[in-house]
1. Using amide H atoms built in the peptide plane, which far-off residues or other-chain residues are under 5 Å from ASP169 H to H?
2. I'd like the Karplus ³J(HN,Hα) series for segment 158-171: coefficients 6.51, -1.76, 1.60, θ = phi - 60°, whole numbers in Hz, and an x wherever there's a Gly or Pro.
3. Rank by packing, highest mean first: peptides 28-36, 136-144, with packing defined as the count of other Cβ atoms within 10 Å averaged across residues.
4. For segment 28-42, in order, what is each residue's ³J(HN,Hα) by Karplus, 6.51 cos²θ - 1.76 cosθ + 1.60 with θ = phi - 60°, in whole Hz (x at glycine and Pro)?
5. Where Lys and Arg each count +1 and Asp and Glu each count -1, what net charge lies around GLU157 among other residues with Cβ under 13 Å from its Cβ?
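Just so it is clear, none of the values below were taken in a lab; they were calculated from the coordinates. Just so it is clear, the structure is predicted and the values come from calculations on it, not from any experiment. Using ideal geometry, Cβ is built from the backbone for each residue, glycine included, and neighbour counts are taken over all protein chains shown.
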Amino acid sequence: MENLEELIVEETPAVIINDAEKEALFAKLFLPLLDAAYNFAFRLTLNESDAQDLVQDTFLKAYRFCNSFQIGTNAKAWLFRILKNSFINEYRRKQKNPSTVDYQEIEQFYNSDEADVKMTTDLRVEVLQDMIGDEVANALNSLDIDFRTVIILCDIEGFTYEEMSKILDIPIGTVRSRLHRARNVLKEKLKNYAKKYYG
């Protein structure tokens, strides 16, 4: 995949703006999207700390390349594309260099007096339970990342097929196909859940 910097600069010619205009543009168009960006990041990473890091990285890149944003286009779609690309780049980096876990350190902590049982609750359930039912959240979180992403962008964030095509850098036909398949997989998972718990 192309470098993010090249991708952004390639798409839209840079507009020369001074620092004050850049800050004003960033504050007006992108800062109000902070919560939406965090929600998207959390649904991609399924981890609070990783989501925060991803949002921070996204907003730093968005600020840095703010002058390449084409005024009048969808700021949220532009920002989400940066976030999605950052997520993919980080995912690839972690696949090449997987982190190691010191299980002895974890065991010592949980055997100590400092350990709090409440700390081990599933953050995904806590964050999503007020928005959608646990069974839907669990089914959504269990989807392959490509399927989960299209469901989030379309059915939760409300992006159009055209916007999703730009965010994901895939043809509209692929967006439609992937969304159709993702919804079918999600429906099947929920049907299995319903049979299991409700007969």
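1. none
2. Karplus values, whole Hz, x for Gly and Pro: x, 6, 6, 4, 4, 5, 5, 4, 6, 4, 8, 6, 9, x.
3. 136-144, 28-36
4. Karplus values, whole Hz, x for Gly and Pro: 6, 9, 10, 4, x, 8, 4, 5, 5, 5, 5, 4, 5, 4, 5.
5. Net of charged neighbours comes to +2.
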